[in-house]
Each structure stands twice: as structure tokens, then as C-alpha cells.
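One structure is given below, encoded as C-alpha cells.
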Amino acid sequence: MATSDSREVVIEASPEEILDVIADVEATPSWSSQYQSAEVLESYDDGRPRRVKMKVKSAGITDEQVVEYTWADNKASWT
């Protein structure tokens, strides 16, 4: 079953600073308790992650997922 989610958050930081935090996916479990692990499987030439394997726990359910990131100058998206 596919799911979709959208959120809006106001963060007092530059777009570059925010994108750097998003790109540091392996650190995500240290600041987001629902993420149990994150491993970069493939990176773009600039070092940003392309495919990431994540283990996520929410509402007592643990799931593993592979996420593919797309980067632009001032945004990131993932599926």
C-alpha cells in the first residue's frame, strides 16, 4: 500500500544549511527517534545521497524502506 505525506515547517536557517542537514541522512537517527538506521546505498557525484536504506519505527511498527532523493539548488524531494 502506497502512502503520501506532506508537511510544512518554518526553520530559521538558510536553504543551504537546511539542505546540508537533509543530506546528512546517516545522522538522522540521532535527532529523529522514529529512524532506527539510515545507510547511503548510492550517492550523486557531488556527494549528496541518491538512494538510502532506512529502518523506521512508528506506532509500534518497524519498516525498512529505500528512499530515492532528488536535489535542486534550493530544494530536496524523495520517493
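The values are calculated or read from the model by the stated rules, or taken from the named source; none is laboratory data. Small disclaimer: the values here were computed from a predicted structure and weren't measured. When we count neighbours, we look across all protein chains shown, and the Cβ atoms used for this are built from the backbone with ideal geometry, even at glycine.
A quick yes/no check of all residues on (1) part of a strand (DSSP E or B); (2) touching a Lys or Arg at 6+ places or on another chain (Cβ under 8 Å):
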| residue | (1), (2) |
| --- | --- |
| Ala13 | no, no |
| Asp20 | no, no |
| Thr28 | no, no |
| Arg51 | yes, no |
| Lys57 | yes, no |
| Asp63 | yes, yes |
| Val67 | yes, yes |
| Thr70 | yes, no |
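Give the residue that is nearest to the chain's Cα centre (by Cα), with candidates limited to residues of the range 37-46 that are at pLDDT 95 or above and over 15 Å from Gln65 (Cα atoms).
Ser43
How do the pairs read when you match residues in the range 1-18 that are surrounded by fewer than 10 Cβ atoms within 10 Å (Cβ to Cβ) with residues anywhere that are among the acidic types (Asp, Glu), using Cβ under 9 Å and keeping only pairs 6 or more apart or on different chains?
As it stands, the answer is Ile11/Glu17, since those pairs meet every condition given.
Suppose we filter the range 14-57 for residues that are within 15 Å of Asn74 (Cβ to Cβ) and among the aliphatic types (A, V, I, L, M); how many remain?
Residues flagged as within 15 Å of Asn74 (Cβ to Cβ) and among the aliphatic types (A, V, I, L, M) within the range 14-57 amount to 5.
Being at negative phi, under 11 Å from the mean Cα position of the chain (by Cα) and exposed (fewer than 10 other Cβ atoms within 10 Å of the Cβ) is true for just one of Thr79, Thr28, Thr70. Which residue is that? Outline the logic, then answer.
Values: Thr28 fails: exposed (fewer than 10 other Cβ atoms within 10 Å of the Cβ); Thr70 fails: exposed (fewer than 10 other Cβ atoms within 10 Å of the Cβ).
Being at negative phi, under 11 Å from the mean Cα position of the chain (by Cα) and exposed (fewer than 10 other Cβ atoms within 10 Å of the Cβ) holds for just one of Thr79, Thr28, Thr70, which is Thr79.
So which residues in the range 31-49 are surrounded by 10 or more Cβ atoms within 10 Å (Cβ to Cβ) and either touching a Ser or Thr at 6+ places or on another chain (Cβ under 8 Å) or not in a strand (DSSP E or B) (or both), if there are any at all?
Hits for the range 31-49 are Ser32, Gln34, Tyr35, Gln36, Ala38, Tyr44, Arg48, Pro49.
Regarding Ser6, is this residue at negative phi, of a type in the set (Ser, Thr, Tyr) and at pLDDT 90 or above?
no
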